[in-house]
Amino acid sequence: MATGCGIGTGDSAEDPGVDVAALQTGNYRTTPRTPEELRTPATIDIQESLRLGEYVPLIMETSPKLVFSRVKYQKKMFTRVDPPNIVDNFSTVAPGFVAGWETIGQRREDELHGRSVDLTVMQFTTSEHAAAAVKALADGIWHSRYPPVGTLPIPGYADAQGQARQYGAISAAAARDEFVLWTYIGGGVDIPPNQNELADLAGKVFDAQFERLQDYDPTPENELAELPVDRDGLLGYALPASDGVAEAVLSANTALHLLQRPDLTKRAFEDAQVDLVVFGETEFYRAGDDRAADRLHAYFMTQLDSEYRTVDDPPGMPDAHCVENPDTTGSLKCLFTVGRYAAIVAGTQIQELHQKASAQYTLLDLAP
């Protein structure tokens with residue numbers, strides 16, 4: 001497997017293959033943003049959710065066979081302005097919501113082909129708000145388009161709201177202090193489905209999550225707007241996102257929730273000594289050194305679906321790898337490395353992709 005650019009950050013002149021000054025970046029920004037520019041409503045709003053996400057275990061930690069995650073069309077971070085959509089009018093029926101995080105684990109890539117667990121962790125301003133939210137969620141689901149077919153107990157959680165759903169699935173909600181957990185567990189392919197077994201699994205998922213939350217210290221409400229939005233100044237080197245799109249710097253463990261194969265990626269992160277990940281208009285990963293970034297780049301190449309085909313690389317970036325699924329609109333991607341950073345850039349048409357990749361390369365060439 002060919003590796004990425006593999007140059008030393010800030011030393012691109014030593015690599016005759018890349019002349020950063022000659023890259024065709026179009027109208028995309030190529031100078032780092034200032035800390036003031038990074039403090040947008042979108043980046044400020046998600047910070048408590050990101051803090052909460054640090055204390056959410058992956059589903060595979062409870063159920064080792066559930067190694068796939070579902071990332072397409074899924075939100076992982078929830079805020080006051082963008083709350084969970086578990087029930088209609090969430091903010092009205094569940095007042096006091098502060099932040100939330102969603103994690104998903106499933107047996108196979110398609111959630112309909114095996115067991116799947118969806119867990120949403122929610123923080124409220126008070127324990128009273130949390131307890132009321134559990135009842136409101138349960139009631140809202142009873143009046144939803146796809147209501148439950150019955151109730152069921154959740155072992156170890158006498159005050160939980162457990163519901164038997166259609167096709168063998170279950171859902172359950174429970175509160176502890178100012179936190180609410182809600183889970184939906186698919187029935188999988190068991191015939192007949194054993195919903196009591198799923199209720200046992202819900203209890204184990206709740207146990208693991210509530211235990212982890214004991215180490216979480218919520219930010220006081222009057223300090224939420226002051227939370228920092230960056231780590232190690234990395235976000236300034238990301239290609240600016242479209243207006244209103246949240247950008248985030250995450251720890252490696254938190255970033256695993258946003259990737260399709262957290263089991264494989266966790267091993268790749270450990271091998272490459274990844275400590276921070278940036279998600280926004282583009283995504284990039286800070287590895288331990290240049291060689292580690294090359295190994296991580298090679299891993300990401302192996303994870304591309306077999307349908308992807310090679311397309312032209314950006315002019316002046318001979319070691320980049322650009323691909324497209326010819327059967328899927330908007331599937332263009334370029335993967336490359338810049339020193340200790342492994343980057344993935346997506347686009348909808350080839351010129352846009354090339355310019356975005358060139359601009360992100362230029363920015364990362366300046367990163368520490």
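Please treat every number below as a calculation from the coordinates, not as lab data. Note that the structure is predicted; figures quoted are calculated from it, not measured. Cβ atoms come from the backbone with ideal geometry, glycine included; neighbour counts cover every protein chain shown.
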Quick check on my link table: of Lys72/Lys333; Lys65/Lys333; Lys75/Lys356; Lys65/Lys204; Lys76/Lys356, which ones sit more than 22 Å apart, alpha carbon to alpha carbon?
Lys65/Lys333; Lys75/Lys356; Lys76/Lys356
Put one equal scatterer on each alpha carbon of the stretch 297-343, apply the Debye formula with no solvent term, and list log10 I(q)/I(0) at q = 0.19, 0.22, 0.28, 0.32 1/Å to two decimals.
-0.61, -0.79, -1.12, -1.27
The stretch 50-72 residues near the modelled Asp200 label - backbone nitrogen below 15 Å, point 7 Å along Cα→Cβ
63-64
In nm, spacing of pseudo-spin labels at Asn85 and Asp271 (7 Å Cα→C-beta vector)
3.7
Helices from the chain with mean Kyte-Doolittle at least 0.0 and a Cα length along the axis of 20 Å or more, per DSSP H: which?
127-142
Calculated [θ] (222 nm, deg cm²/dmol) that DSSP helices of n ≥ 4 give over the chain, each run adding -39,500 (n - 2.57):
-8000 deg cm²/dmol
Trypsin sites (Lys or Arg not before Pro) lying in DSSP loop within the stretch 115-210, provided at most 16 other Cβ fall within 10 Å
Arg145
Long-range amide H partners of Arg340 with built H, under 5 Å:
Thr9
Furthest towards positive pole of dipole, Ala164, Gln195, His113, structure part the stretch 45-213, Cβ charges:
His113
What translational D, rounded to a whole number of µm²/s, comes out for the stretch 193-319 from Stokes-Einstein when the hydrodynamic radius is the Kirkwood one over Cα pairs, at 4 °C and 1.567 mPa s?
72
Which value, in debye to the nearest 20, describes the size of the charge dipole of the stretch 69-169 about its Cα centre when Lys and Arg Cβ atoms bear +1, Asp and Glu Cβ atoms bear -1, and nothing else is charged?
280
Can you work out ³J(HN,Hα) from phi for every residue in the stretch 86-93, in order, using Karplus 6.51 cos²θ - 1.76 cosθ + 1.60 and θ = phi - 60°, giving whole Hz and x for Gly and Pro?
4, 9, 5, 6, 3, 5, 6, 7
Dividing the Cα radius of gyration by the Kirkwood radius, what Rg/Rh value follows for the chain?
1.00
Which whole-Hz ³J(HN,Hα) couplings does the stretch 178-194 yield from phi under the Karplus relation 6.51 cos²θ - 1.76 cosθ + 1.60, θ = phi - 60°, glycine and proline marked x?
9, 10, 10, 10, 10, 10, 10, 10, x, x, x, 10, 5, 10, x, x, 9
Quantify how much of the Cα-Cα distance distribution of the stretch 45-213 extends past 24 Å, in percent.
29
Hey, if you drop one equal point scatterer on each alpha-carbon of the stretch 267-313 and run the Debye formula without solvent, what base-10 log of I(q)/I(0) do you get at q = 0.26 Å⁻¹?
-1.00
